[in-house]
Amino acid sequence: MRLKKKSWLTLLSVAGVSMSLLAGCGNGSSGENATAAAEGSGAAASGEPTSFNFYFTGSQNVKDLWDSLEPMFEEQHPEIDVKMVYIPSGTGAEPTYDRIMAAKQAGKGSGGIDLYEDSITTVAQGTKDGVWTQLSDSDIPNLSKVDANVMKDVDNYAIPYRSSAVVLAYDSSKISNPPTMLDELIDWIKANPEQFAYNDPSTGGSGSSFVQTIVYKDLPEEDIHNSDPSVMEKWEAGFNTLKEIGPFTYGEGIYPKKNQGTLDLLMNGEVSLIPAWSDMVLQQLNEGLLPDSIKMQQITPGFNGGPTYLMVNQESDKKEAVNTFLDFVLSPEAQAVVVDKMNGFPGIELSNMSQDMQDKFAGVSEGFRTFNIGDLGTEINKRWQSDVAAQ
C-alpha cells in the first residue's frame, strides 16, 4: 500500500520529527469462563473459528486502522475471529483495566479481555500488577523485527506496534518563525498571551507530553526512563514554570479536554500554537479539516512521543490465536497499513519495510524522546490538577 503524496510531503516537512522506530462491558464468572473455554475447544474441533476479544482505545483514526486490519487478518486466518471493542478517546479506558484486574483478583480468568491496546503508563501498571504476558519471538516470529532496545524497555510485556510524535502545530499565516527550543517556546508563550493552548494532560497525550517535557526540562536525561518515586523531588522547578505560564495560555488558564480540543482552537483561529500529535495533524490536513496554513515543527529537547502498545492478558485462554494476530500486525504488509492510516511511524524497524517505504522516511531522524516513567505519569497529572489547574 502506498502513502498519499500529500501525507509524506507534510511529514517530511516536520523539522526533526524522530524516527526512533521503536519509533464493552459485562461481568464474567468462573463458570462463564469455563463455558467459553469449552466452547472455544469445541469450536476448534468442529472447524468453527476461535474467537478472542480485543479492546482498544483512541481517536477515530485508531478505529479506522483496526477496521482495515481486522478483515485483512481474518481473510488470511479464517480459523480466527477477532471481536473488537472500541473505547473512544476521552471516555475513560481505566474501567477496562479495572475489569482485567478485578477478574484476576477474583479468580475469574480474563474478564472477557484477551488483548488490550494502551499507552506506556498502562504497560507499566499491568507489569507491576502481573496482568500481562511476557512475549517472545518463538511465539510471535515477527517480534524479532521490533527494535530490541524498545522491547527491553518494557521487558517484553508489550508490543510497540506503531509510533507517533508530539510536535508544535502552528498557524504559519500568523507565525513565520516558530520556537525551535523549549526555552524559546516558554518565552514565546509569555510574549503572546492567550495564543498558546495545551489540553488537560489527563485527557490526551499531547497535553501530557507538554507537561512532562516542561517538568523534566532541567533534569538529567536518564530520569525520563526512571520510575522511582524519588524523582518526584526534582519536579518543583518544572511545576513552577507551568504555574508561571498558566495566565498566558488560552483563556488565561483554560485547558481544553482531549487532544482534539486544542486542535479545534487552532482550527478556529482562537490560538496560533499548540502541542499536537503529528498523526492527528497530518490526517486532518489531508481531510481538509485543518487549513493549509497549519505547519508542524519539533523542538529541542523534543517533546516525548513514542509507541502505542498491545498487551496480552495473562489470564487469557486464547493466547495462541492472539499471538497469530500479533504476528500479522507486525508483518511489513500490516505495518504499511499502520503507516498509511495513522500517518505515523511503523512499530518494526525500517529495514524490514519495503525500499519505497524506507525512501519515504529518509531524512526523518532525530527528534522526539521516548519517556518511560511508569506510575509517575499519573502522579504528574495529579499534581498538575492541584498546582496548575486549580490556581
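Within the same chain, lysines fewer than 8 places from residue 234 are excluded, and of the rest, those with a Cα less than 18 Å from its Cα are 217, 243, 382. Ordering 134-147, 252-265 by mean Cβ neighbour count within 10 Å, with the highest value first, yields 252-265, 134-147.
Counting only heavy atoms of the protein chains and using a 1.4 Å probe, residue 248 has close to 70 Å² of accessible surface. Taking amide hydrogens as placed 1.01 Å from N in the peptide plane, the amide H of residue 59 sits under 5 Å from those of 89, each at least 5 positions away in sequence or on another chain.
Decide, for segment 171-224, between rounded, prolate and oblate: order the square roots of the alpha carbon gyration tensor eigenvalues as a ≥ b ≥ c, take rounded if a/c falls under 1.5, and otherwise choose prolate if a/b is larger than b/c, else oblate. Oblate, because a/c is 1.5 or more while a/b does not exceed b/c.
Amide H to amide H, with H built 1.01 Å from N, residue 132 comes under 5 Å of 314, counting only residues 5 or more places away or on other chains. What the phi angles of segment 308-318 give under the Karplus curve with 6.51, -1.76 and 1.60, with θ = phi - 60°, is a coupling list of 10, 10, 10, 10, 9, 5, 4, 8, 5, 9, 10 Hz, glycine and proline written as x. When the square roots of the Cα gyration tensor eigenvalues are ordered a ≥ b ≥ c, the ratio a/c for segment 232-284 is 1.5 or more and a/b does not exceed b/c, which makes its shape oblate. Cross-link pairs exceeding 26 Å in C-alpha to C-alpha distance, out of 83/319; 190/258; 104/258; 108/318; 63/108; 128/152, comprise 104/258; 63/108.
Summed over the residues of segment 194-285 and divided among them, the accessible surface reaches 36 Å² per residue at a probe radius of 1.4 Å.
The values are calculated or read from the model by the stated rules, or taken from the named source; none is laboratory data. Remember, it's a predicted structure, so these values are computed and weren't measured experimentally. Methodologically, a virtual Cβ is constructed for each residue, glycine included, from the backbone with ideal geometry; neighbour enumeration extends over all protein chains shown. Note: areas computed on protein heavy atoms with side chains; ligands, DNA, RNA excluded. Shrake-Rupley method; radii C 1.70, N 1.55, O 1.52, S 1.80 Å.
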